[in-house]
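Just below is one structure, and these are the notes that go with it.
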Amino acid sequence: MAHALGTFVALALAFTVVWATDSSPLQDFCVADMSGQVLVNGFTCKNPDSVQASDFHFSGMHVIGNTSNAMGSSVTPAFVFQISGLNTLGISLARLDFAPWGLIPPHTHPRATEILTVLEGQIEVGFVTSNPGNRHISKVLKKGDVFVFPVNLVHYQRNVGNTNAAAVVALSSQNPGVIAIGSAIFGSTPDISTDVLAKAFQVSNNVISDLQLKF
Ligand SMILES: *[C@@H]1O[C@H](CO)[C@@H](O)[C@H](O)[C@H]1NC(C)=O
């Protein structure tokens, strides 16, 4: 009985101390000292007395990204690497641009929920729930629409129009990270063995070799 109670208390404690995003700051700000040699979870803080407005500033979000690439899409990030003042604050922003029918291929953000708003064009978005359901939740968005991609889930965005499209996304981490499914599986260094992938995807080794060449 005492053991069961202990287990319950331990579980209750374990489930209380959970953060869905970067942990809360303990001071007004902790502007990243990018040249710091000490590695912590995030960056160490600059001396607050030396902090400037430029540490909290980024310009150029109005500029259309270069979508001349195989996917026809572009991401302009404003993460902690661009705005050192975001360090420890658990939030960031990015601009997405799409050529006609451009795609941001399936990916996940290991550290962030994402909320998107369409600035221009029509964008098909979707995410897939975890096993065993793997439910695909998708929608075609128009200008002004807002859509949420829950943390960690595989998702994508595609321009479904013959004009350019653009969106702004906010993410619940200073450094959301990205795992692009295609390049993680077929473009790792060194390769995951072709035999492993052929069995996993139940196709021939040639199909896997073709995919590995593309990534
Ligand atoms: C856009 O990207 C392509 C491919 O990297 C490059 O060749 C081209 O010069 C870029 N265009 C501009 C305007 O930067």
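What follows is calculated from the coordinates using simple rules that are stated; it is not laboratory data. What you see is a predicted model, and the numbers here were worked out from it, not measured in a lab. As a convention, Cβ positions derive from the backbone with ideal geometry for all residues, glycine included, and neighbour counts pool all protein chains shown.
So here's what we get for this one:
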{"item": "Net charge of neighbours whose Cβ lies under 14 Å from the Cβ of D49, counting Lys and Arg as +1 and Asp and Glu as -1", "result": "-2"}
{"item": "Among T88, T194, T113, residue whose mean-square fluctuation peaks in a GNM of the chain (springs only between Cα atoms under 10 Å)", "result": "T194"}
{"item": "Rounded D (µm²/s) - the chain, Kirkwood Rh over Cα pairs, Stokes-Einstein at 20 °C, 1.002 mPa s", "result": "107"}
{"item": "Where labels lie 7 Å past Cα in the beta-carbon direction, separation of N69 and N205 in nm", "result": "3.3"}
{"item": "Estimated dipole of the chain in Debye, rounded to 20 [Cβ of Lys and Arg +1, of Asp and Glu -1, Cα centre]", "result": "500"}
{"item": "Highest-MSF residue in the chain out of A180, A170, A53 [GNM, Cα springs under 10 Å]", "result": "A53"}
{"item": "Contact order relative to length of the chain, as percent, for alpha carbon pairs under 8 angstrom and 6 or more apart", "result": "20"}
{"item": "Around V125: net Lys/Arg minus Asp/Glu count, Cβ-Cβ under 11 Å", "result": "-1"}
{"item": "Cα-centred dipole magnitude for region 106-173, charges only on beta-carbon of K, R (+1) and D, E (-1), debye, nearest 20", "result": "100"}
{"item": "Neighbourhood net charge (14 Å Cβ-Cβ; Lys/Arg +1, Asp/Glu -1) for A165", "result": "0"}
{"item": "Relative packing of peptides 124-131, 202-209, 158-165 - highest average C-beta neighbours within 10 Å first", "result": "158-165, 124-131, 202-209"}
{"item": "Given charges at Cβ of Lys, Arg, Asp, Glu: the chain dipole, positive-most of P176, G187, V146", "result": "V146"}
{"item": "DSSP H segments from the chain that extend 20 Å or more along their own axis, Cα-based, with Kyte-Doolittle mean of 1.0 or above", "result": "2-16"}
